[in-house]
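The values are calculated or read from the model by the stated rules, or taken from the named source; none is laboratory data. Owing to the predicted nature of the structure, the values given are computational and were not obtained by experimental measurement. Neighbour counts run over all protein chains shown; Cβ positions are idealised from the backbone, glycine included.
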Amino acid sequence: MWHRLRVAALSTAAIVTVAVGAFAGWVHSLGPVPLGETMEFSTVVVDRNGRLLRPYATLDGRWRLPATVKDVDPRYLDLLIAYEDKRFRQHFGVDPVAVGRAALQLVSNGRIVSGGSTLTMQVARLLEPRTDRTFIAKLRQAVRAVHLEHKLTKDEILTLYLGLAPYGGNLEGTRAASLAYFGKEPRRLSLGEAALLVAIPQSPEVRRPDRSPLAAHKARDRVLDRVALAGKLPADEIAQAKAEPSPSMRRAMPALAPHAAEQAAAAAAPGTKAIGLTIDATIQKPLEDLARERAHALGPDIAVAIMAVDHTTGEVLARVASADYFDERRAGQVDMTTAVRSPGSTLKPFIYGLAFEDGIIHPETLIEDRPIRYGTYAPENFDLTFQGTVTIRKALQMSLNVPAVSVLQAINANRLTARITDAGARFVLPPGETPGLAMGLGGVGISLSDLTMLYAGLARGGNTIALTERRDSIAAPAQRRLLDPVAAWYVGNVMIGTPPPENAAGGRIAFKTGTSYGYRDAWSVGFDGKRTVGVWVGRPDGVPVPGLVGRSAAAPILFDAFARLGSLPAALPKAPKGVIFAASNRLPIPLQRFRPGGLASDNTNPAPKIVFPPNGARLASENADMALKISGGMQPLTLLVNGVPRQTEGGQRTMFFTPDGPGFARLTVMDARGAVDSVVVRIE
């Protein structure tokens, strides 16, 4: 008998050894456990705070959005674990209690009642999808679950489930399902919404809310009932959750800042899955709504584009490139923030700014608004009237054309073009054309993006920086000179006094409007102490729109945009050193009245000319007075250094002054008639 027992024991041991060896070999043949590193997830474009702007489907057309446990409502995780795997935090991948219960139910019922799968086993199945439901397949899941528990933390396993759980059709992952069925991120879910997201993955095609809303509703309630039986939640909360309506349709995925997102995704390096933009979703969304509302109010073919930037950093906070990306009639997919259009009168501030810089005018300088002709060109005001003698301040605030053209002639159109180009903007002239006086009234092309950047330069005190939308931009943008600080401040100080549109508060935003020839484009661009906003209104195809005027069509949108930025307009910077506060009759005589340089001279009284120093000279100061020698000009002569009048000594044709220090300086001499001559020197 003992012999037989011994043989039986040895045989059993041999069989067990062979079985264990075979099992170990089979486990080894499975290879390394996949951890999801090769799974393709959707590319997402996010805003400056990580909020989703726009996701893109994977190459196989699936919405598979990454999500971590921090990205979902904690109550959803509690429901998931309570319903699917209540010992998830304790087991090692396989729950022996659940397996034993499933085995007893199989024996007693003759069929599978529950499978005993843990969340980890479900993740293993999602990582290695299989259609067969055999014992071997179940064993494989169990083995893989143990491997996953060995390699990953519990939260990492949950993260895989949150990204891979099926929700019907091409939806995978809790985040994609929440966006598609509820139209929101899963960070804040109601109890009913959380229960529905727990229920769907068990039978994703049968319980799709967009195809089987009743089945989805019943599955949701079963989750709530089981949680209620376990005593996890009060009965009144369960009843309230059951009373919530279930979704019956699928929503479109978010598409905020679609043009910016599309361009960023196209420019991203291959394999990039998360692209961060400087755009702020809390600003972008209200401005998109504003553009859509105003475009519909203005007409079925009208488009609206808006840009908002933080001019201290050059970061784009919002870019609404069209009123509606999906509106074909309005050419919604055309980016109107980069389209080249006629700017109308929006370049006038830079004309006056250069003249302020040259020291030939001051905001209180008087100028004539009367009929004038330059060869065959005779500029007229928008309302075909003339105001007579006005100050430069009033001329800019009223956007008078004749004074602006007179000043442009004095500073030279080529110089204006060069300065704006050097500041980083791109001017586009008609084929075969050269810069001329008409450019001051819109006879040139520029984009809303570049125009907004130039106005941001005014707000920055005269220095522009390139606008940026990508958060991964490492190098700080280089500053470019647009105007001297005093000239830029003068421009802002004048424009903040421009009468606002109807029902808007004045004195808060420095702004300018513009209307292109033929009513094709309406503009309004403005800034406060922190942000600059640009608005364009028109038809993308360039067809004229009778009555489309910047002041009535674009300016109200500008002021509404500032109101939707979420804070009151910030105060403009204080006046820099060198600003002159004086009425017209208290200004230096040459600044009291603007006289076009061409009126001045004859053989007996030629225009002033700086004989020494020559333009571009390098001078050693050594803290000594510097001499200027002047020929011509009607007395008295006035010297301006960088646009600021200076006290001088010496005779009528030689002036002495003390420089401020090393660096570049523009020296300007103006005679009693307003005729000027300037040189730029470097003081060392």
> Has segment 498-510 got at least one residue that is touching a helix residue (DSSP H, G or I) at 6+ places or on another chain (Cβ under 6 Å), over 30 Å from Val680 (Cα atoms) and part of a strand (DSSP E or B)?
Replying inline: yes
> Taking segment 453-489 as the region of interest, how many residues are under 23 Å from the mean Cα position of the chain (by Cα), closer than 30 Å to Asp521 by Cα and either β-branched (Val, Ile, Thr) or part of a helix (DSSP H, G or I) (or both)?
Replying inline: 10
> Only one of these conditions is not met by Asp450: (1) assigned to a loop (DSSP other than H, G, I, E, B); (2) farther than 30 Å from Gln592 by Cβ. Which number is it?
Replying inline: (1)
> Taking segment 520-567, which residues are within 21 Å of Gly299 (Cβ to Cβ) and among the charged types (D, E, K, R)?
Replying inline: Arg520, Asp521, Arg539, Asp541, Arg551, Asp560
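Yes/no matrix, rows are residues, columns are (1) within 25 Å of the chain's Cα centre (by Cα); (2) surrounded by fewer than 17 Cβ atoms within 10 Å (Cβ to Cβ); (3) modelled with pLDDT of 95 or more:
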| residue | (1), (2), (3) |
| --- | --- |
| Arg508 | yes, no, no |
| Asp521 | yes, no, yes |
| Asp528 | yes, no, yes |
| Arg531 | yes, no, yes |
| Val535 | yes, no, yes |
| Ala554 | yes, no, yes |
| Leu568 | yes, yes, no |
| Arg593 | no, yes, no |
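Can you tell me which residues in segment 408-440 are assigned to a helix (DSSP H, G or I) and more than 25 Å from Ala675 (Cβ to Cβ)? I'd like the intermediate steps shown before the answer.
So in segment 408-440, the residues assigned to a helix (DSSP H, G or I) come out as 408-411, 413-422, 437-440.
Answer for segment 408-440, where residues must be assigned to a helix (DSSP H, G or I) and more than 25 Å from Ala675 (Cβ to Cβ): Ile420, Thr421, Asp422.
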> Looking only at segment 643-680, which residues are polar (S, T, N, Q), at pLDDT 80 or above and either in a loop (DSSP other than H, G, I, E, B) or surrounded by fewer than 20 Cβ atoms within 10 Å (Cβ to Cβ) (or both)?
Replying inline: Thr654, Ser678
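Here's the yes/no breakdown for (1) surrounded by fewer than 20 Cβ atoms within 10 Å (Cβ to Cβ); (2) in contact with a helix residue (DSSP H, G or I) (Cβ under 7 Å, 6 or more places away or on another chain):
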{"position": "Ala241", "(1), (2)": "no, yes"}
{"position": "Ala252", "(1), (2)": "yes, no"}
{"position": "His259", "(1), (2)": "no, no"}
{"position": "Lys285", "(1), (2)": "yes, no"}
{"position": "Ala303", "(1), (2)": "no, yes"}
